[in-house]
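A short write-up of the structure that comes next.
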Amino acid sequence: MNTRPDFDSIKDFEEFSKYYWYREELIKICKDHGLKSDGSKIELNKVIESYFSGEKILPEKKPVIKRKKAIVTDLTPDTGLIECGFTFDPRFREFFIKQTGETSFKFNVDMVATAKAVKESGDESFKLGDLLDIYYGKKTYATYDKSALQWNKFVHDFCEDDATKVFPERLKAAAVLWKIVRESDREKKYSHELLEEFREEIEK
């Protein structure tokens with residue numbers, strides 16, 4: 001009786017077929033060599049025959065089933081902002097109307113900036129109650145950069161003033177004046193008086 005050699009020392013399928021193999025052994029051989037390892041003995045033998053002929057029959061990839069996270073339906077101040085999939089839609093607006101008692105409730109810019117920052121950082125500890133505190137100004141998390149809005153309003157008011165029509169490049173003139181205002185403790189608003197006060201600076 002011939003002693004059966006180790007699988008890796010067998011040179012071809014013809015030699016392999018001379019020996020008896022249990023199904024469990026065939027499965028182990030296939031798994032050890034990254035081959036398809038399910039099926040009957042006949043199917044496993046075909047996989048091994050292909051292996052010896054230079055063709056690898058690989059395991060079939062099982063589709064990954066993504067489980068959908070349960071949607072949080074009951075919103076409370078302790079509900080996590082990320083957990084409930086917060087957006088600025090009517091559902092959440094209704095929640096804040098109930099919390100504030102304000103039928104004309106609107107999300108403010110700091111709430112928008114905060115929600116964006118929480119999502120980007122993945123901060124799962126941040127609650128809807130925290131966002132309510134942002135609304136009331138009780139705490140800060142991320143503040144909206146209001147300078148862009150202030151600049152847009154400044155330019156608009158600058159161009160509305162007929163006295164600024166004397167400047168060939170009105171946007172450039174407005175920028176000079178805005179720089180003066182921005183770097184001072186003055187109110188970040190345009191006025192005709194401001195123009196007259198710094199006319200010489202603008203005309204340089």
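Summary table
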item: Tally of residues being farther than 17 Å from Glu49 by Cβ and loosely packed, with under 11 Cβ neighbours inside 10 Å across the stretch 1-14; result: 5
item: Filter result (at pLDDT 90 or above, assigned to a helix (DSSP H, G or I), over 24 Å from Lys188 (Cβ atoms) and not small (Gly, Ala, Ser)) within the stretch 120-162; result: Leu128, Asp130, Leu131, Leu132, Asp133, Tyr136
item: Restricting the stretch 15-36 to residues that are in a loop (DSSP other than H, G, I, E, B) and charged (D, E, K, R), the residue that is surrounded by the most Cβ atoms within 10 Å (Cβ to Cβ); result: Lys36
item: Pick from the stretch 148-181, criterion surrounded by fewer than 14 Cβ atoms within 10 Å (Cβ to Cβ) and of a type in the set (Asp, Glu), ranking: farthest from the chain's Cα centre (by Cα); result: Asp162
item: Test: residue in the stretch 163-181 that is assigned to a helix (DSSP H, G or I), of a type in the set (Ser, Thr, Tyr) and more than 29 Å from Lys116 (Cα to Cα); result: yes
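Yes/no matrix, rows are residues, columns are (1) aromatic (Phe, Trp, Tyr); (2) modelled with pLDDT of 90 or more:
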residue: Ile57; (1), (2): no, yes
residue: Val64; (1), (2): no, no
residue: Gly80; (1), (2): no, yes
residue: Phe88; (1), (2): yes, yes
residue: Lys106; (1), (2): no, yes
residue: Val109; (1), (2): no, no
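The values are calculated or read from the model by the stated rules, or taken from the named source; none is laboratory data. Predicted model, so just to flag it, every value in this text is computed and none were measured. Virtual Cβ from ideal backbone geometry, glycine too; neighbours counted across all protein chains shown.
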